[in-house]
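Engineer: Here's a structure for you.
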């Protein structure tokens, strides 16, 4: 019997927000640098898996500053933003599946 393959895993980068007003009262003011640090940590975690079955989906593109994808707090995604994030994950998953020969 053939051994089961490990699962395919997509880790989603945190997109930069249009604003960080939701954290105004926080001890540490969150900014784009914090998001970049978090995403580098995710990349480091993904790099620990060298079989190509774990990838990071990059959700940081020109839409990050487009308030159309955010709720009024300019931090959390709205319905459009959630659909866009889902597309980013699905595209990354399908690309990985093709690379490792497990096309869904």
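The values are calculated or read from the model by the stated rules, or taken from the named source; none is laboratory data. All values reported here derive from a predicted model rather than from experimental measurement. Positions of Cβ are generated from backbone atoms using ideal geometry, with glycine treated the same way; all protein chains shown enter the neighbour counts.
Engineer: Of the residues that make up region 50-73, is at least one within 23 Å of residue 101 (Cβ to Cβ), without any contact (Cβ under 8 Å) to a residue 12 or more places away in the chain and loosely packed, with under 13 Cβ neighbours inside 10 Å?
Structural biologist: Checking region 50-73: at least one residue is within 23 Å of residue 101 (Cβ to Cβ), without any contact (Cβ under 8 Å) to a residue 12 or more places away in the chain and loosely packed, with under 13 Cβ neighbours inside 10 Å.
Engineer: Take the conditions in a helix (DSSP H, G or I) and either over 15 Å from the mean Cα position of the chain (by Cα) or at pLDDT below 85 (or both) and apply them to residue 28. Does it pass?
Structural biologist: So residue 28 fails the test.
Engineer: In this structure, is residue 63 within 13 Å of residue 14 (Cα to Cα) and at pLDDT below 85?
Structural biologist: yes
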